[in-house]
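Below is one structure; the comments refer to it alone.
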Amino acid sequence: MDDGAGQAAQGAPARTRHWLLALLRRRLVKALMVANLVALLLLPLRETGWLQGLELSAYDTLVTFFAGSQESDRVVLVVTTEADINRFGYPIRDNDLSGVLARVFAGGPKAVGVDLYRDLPMPPGNAELQAIQRAQDNLYWVFKLPDEGNIGIPPPPVLRETGREVLADHVTDAGGVVRRALLLAADERTGSNWRTLGVSLAERYTGQRLRPMDDDLGLGQGRIPLLEQPYGPYARVDAAGYQMLFDYRGGHRRFRQISFAEIIDRPELAATLRDRIVLVGTAALSIKDHFATPFSTGWGGEGSLIGIALHAHTADQLIRLANGETRNPVPLPRLVDHVAIWAAAMAGAVLALLVWRVLVVLVALLLGLGLVGGATAWGFAGAGLLLPGVPVALAWVLSAAGCNFVMHSAGLRERTQLRRSFESYLDPRIINQMMQGETLPSFGGEHREITAIFTDIADFTTTAETMDAATVAGLLGDYFGVLSDVAVQNGGLVNDFIGDGLLVLFGAPMHQPDHADRAVATALAMDEAAQRFNAGLAARGIKWGHTRIGVHTGMALVGNIGTRGRLKYGALGDTLNTASRVEGLNKYIGSGVAVTGETAAQCRRQAFRPVGDIIVKGRKNAIPILAPVSPADPPALLARYAEAYAALSQEKPEAAELFSALHRDFPADAPAAFHAGRAAAGENGVLVVMHEK
């Protein structure tokens, strides 16, 4: 009991290892492992920010594609150009700035924002400027909060603590690209939140104030989703303060620009500002107030945007949100993103399992990428969602490519093993066809109709006893070489060497519609080749028995049979047993080649003459046996044999005399001699019962 228990315990790890190895060899398991590895690789890469650049590039593409090019009817920019700097100088003096603002307010705008720092007076004209700042309660002026390495820039003295001093800050991503709008920022000195210029202008225009809405902000009818980490394409982002994603609706040239000179020299332009938001700032290239945006990151991108335009986009987007005209896209929960990435990896694995052709895989990959891209675009523009298009596409491609590589590697190993297994006894042309096929012979096999040839050497045991083993082995090797060459030339598979016998299969491993014709032609060619081989040995004084060949057609289980460690391609089934029995019948018939009726019925290129319906020992049913007609058979022999066999099948008394006469005239003809002997023994009819194997 103890020994048995110990052996069982020792065998358990071995069985477990065997089970695991068998499991890992399965294509489905390999594909699932690759797909999960791809997902497990992409998820941490995404969460640690390695994919952020790609995802932001995709986001930029969506923003620019759906931005459109409609000019705003709500916001106008009044800016200094290079020509204005040449005329007015820079910084703009208070008197010139006062003149511009006076013309702007003369037009009756709803709100005016100035994106020019004016913490210190720029005389002359400071009194006039301060008068405008006091008088216009819809005027907002920028300042900059202090932060690390920056002392900040205070607002104009007159506007301090009026609620009309607003932030000028912008937040940028790597490369200085502005994709996020800063709405509110905290003053660490006082703990209060300051609005940015765009927010204050939008509030003034809509008559609404920003309000908390769950974890987001609200304005009018709209919800403003606030940025957090992670958020859509962002895995790592400084989400300090309150931020939202820009949609840049209307495009790079969304806002009409009027220069300082135009507003001063053309008073009629003031009327175009009525009930609009007017932002006053600089557009001169020599003033470093330009920012990269999604419009400037792609192929053929536009130039950078001026800072005042970013404030304008903030105000414009908030107004559209407040009026219910648009919505900011929001990401799915991160867990849902992860599931989508995993599902894409699984889909790639399924593709690799179902499709092996490289061109088809490439087309499928492109279609899948198109589907992912289309879904991502629809989510962004139609459903207001930031879908994880980039990681999903990567999971789809990497999983399909990785699984395809694994499948091809496994297939290559199988093909190499197959070539090594078959190259010694199969026509190279057949091997090449197998290599190019969609499937290889599988473990366990498949049921298929084949034609089998069995050969044997008459009295081989007696012959072998007269020679030493080395001589027998050498002669047998030469003999097998002659017969194998004939089989391979006709497309047969030399499947096994059984003692002095040979097993050849047709119809496997490659499908051959004419397998019966090929087998019979091979059997006749083998018979001739064996006779030539025997004649060569006889000339050397070596006696070698004649070759007996049996051919039968039927269903068999063909494939790689055995264990994983010791596989062999072969066939199993009664078809092989019958072919072996038919080969043995040659001994009693006296023939060299015997063919069953199942084989003869499928032959289109070979004629036969019947030998009889023979019941071999151990079987109940008779097997129709026929002899292939050789080109050397005289027509007279064939005609007289047909007449005699017809009489025999009808059990006519004259059949005995007909076969006796036929045997006298053609003593070398085995079927005639066989029936003449039966007739002499008093047998009649075509049914022959064998009492020996």
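The values are calculated or read from the model by the stated rules, or taken from the named source; none is laboratory data. None of the values given here were measured: they were computed from a predicted structure. Methodologically, a virtual Cβ is constructed for each residue, glycine included, from the backbone with ideal geometry; neighbour enumeration extends over all protein chains shown.
Identify the residue in region 666-693 that is touching a residue at least 24 places away in the same chain (Cβ under 8 Å) and part of a helix (DSSP H, G or I) and, among all such residues, is nearest to Ala636 (Cα to Cα).
Going residue by residue through region 666-693, those that are touching a residue at least 24 places away in the same chain (Cβ under 8 Å) are 666, 669-675, 679-680, 684-693.
Imposing the further condition that a residue be part of a helix (DSSP H, G or I) reduces the set to 670-675, 679-680.
Values: Ala670: 15, Pro671: 15, Ala672: 13, Ala673: 16, Phe674: 18, His675: 17, Ala679: 21, Ala680: 23 Å.
That would be Ala672.
Test each condition in (1) outside any loop (DSSP other than H, G, I, E, B); (2) buried (at least 17 other Cβ atoms within 10 Å of the Cβ); (3) of a type in the set (Ser, Thr, Tyr) for Tyr588 and report the one that comes out false. With respect to (1) outside any loop (DSSP other than H, G, I, E, B); (2) buried (at least 17 other Cβ atoms within 10 Å of the Cβ); (3) of a type in the set (Ser, Thr, Tyr), Tyr588 is out only on (2). In region 276-323, the qualifying residues are those that are among the β-branched types (Val, Ile, Thr) and in a helix (DSSP H, G or I), and the one that is surrounded by the most Cβ atoms within 10 Å (Cβ to Cβ) is Ile308. All conditions but one from (1) more than 49 Å from the chain's Cα centre (by Cα); (2) under 25 Å from His675 (Cα atoms) apply to Arg532; the one that does not is (2).
Of all residues in region 492-508, those satisfying the criterion of being surrounded by fewer than 24 Cβ atoms within 10 Å (Cβ to Cβ) and either on the phi > 0 side of the Ramachandran plot or not charged (D, E, K, R) (or both) are Val494, Phe497, Ile498, Gly499, Gly501, Leu503.
Could you tell me which of the residues Ile614, Ile561 is assigned by TED's automatic domain parsing to the domain that holds Gly445, at pLDDT 90 or above, outside any helix (DSSP H, G or I) and touching a strand residue (DSSP E or B) at 6+ places or on another chain (Cβ under 8 Å)? Break it down into steps so the answer makes sense when it comes.
On the way: Ile561 fails: at pLDDT 90 or above.
The match here is Ile614.
Among the residues of region 120-172 satisfying the criterion of being charged (D, E, K, R) and within 24 Å of Ala106 (Cα to Cα), which is surrounded by the most Cβ atoms within 10 Å (Cβ to Cβ)? By that ranking, first place goes to Arg164. Scan region 191-238 residue by residue and report those that are within 49 Å of the chain's Cα centre (by Cα) and basic (Lys, Arg). Listed by number, the residues that qualify are Arg211, Arg223, Arg236. Among residues of region 328-353 that are in the same structural domain as Thr48 (by TED's automatic domain parsing) and free of Cβ contacts under 8 Å to residues at least 60 places away in the same chain, those with a beta-carbon under 6 Å from a residue that is assigned to a helix (DSSP H, G or I) and surrounded by fewer than 21 Cβ atoms within 10 Å (Cβ to Cβ) at least six positions away or on a different chain give the pairs Leu351/Ala364.
Find the strands (runs of 3 or more DSSP E) located wholly in region 156-206 whose residues include 2 or more that are in contact with a His (Cβ under 9 Å, 6 or more places away or on another chain) and closer than 22 Å to Gln317 by Cβ, and list them. Strands (runs of 3 or more DSSP E) meeting the threshold: 180-186. Residues of region 444-468 that are touching a strand residue (DSSP E or B) at 6+ places or on another chain (Cβ under 7 Å) and surrounded by 14 or more Cβ atoms within 10 Å (Cβ to Cβ): Gly445, Arg448, Glu449, Ile450, Thr451, Ala452, Ile453, Phe454, Thr455, Asp456, Ile457, Ala458. If the condition is being among the aliphatic types (A, V, I, L, M) and surrounded by 18 or more Cβ atoms within 10 Å (Cβ to Cβ), then region 601-635 contributes Val611, Ile614, Val616, Ile623, Ile625, Leu626, Ala627. The set of residues in region 232-264 that are part of a helix (DSSP H, G or I) and either among the basic types (Lys, Arg) or buried (at least 19 other Cβ atoms within 10 Å of the Cβ) (or both) comprises Phe260, Ile263.
Being within 30 Å of Leu387 (Cβ to Cβ), crowded, with 19+ Cβ neighbours inside 10 Å, modelled with pLDDT under 95 and not aromatic (Phe, Trp, Tyr) is the requirement here; does Gly222 meet it?
Numbers: within 30 Å of Leu387 (Cβ to Cβ): yes; crowded, with 19+ Cβ neighbours inside 10 Å: yes; modelled with pLDDT under 95: yes; not aromatic (Phe, Trp, Tyr): yes.
So Gly222 fits the description; yes.
Where helices (runs of 4 or more DSSP H) fall entirely within region 389-499, those with at least 3 residues that are modelled with pLDDT of 70 or more and of a type in the set (Ser, Thr, Tyr) are at 460-465, 469-489.
Counting only residues that are surrounded by fewer than 15 Cβ atoms within 10 Å (Cβ to Cβ) and within 23 Å of Ala239 (Cβ to Cβ), how many does region 200-215 have?
Initial filter on region 200-215 (surrounded by fewer than 15 Cβ atoms within 10 Å (Cβ to Cβ)): 207, 209, 211-215.
Restricting the remaining residues to those that are within 23 Å of Ala239 (Cβ to Cβ) gives 209, 211-215.
Summing the residues that are surrounded by fewer than 15 Cβ atoms within 10 Å (Cβ to Cβ) and within 23 Å of Ala239 (Cβ to Cβ) in region 200-215 gives 6.
Candidates in region 130-182 are the residues that are more than 54 Å from the chain's Cα centre (by Cα) and touching a residue at least 60 places away in the same chain (Cβ under 8 Å); of these, the one that is nearest to Glu302 (Cα to Cα) is Tyr140.
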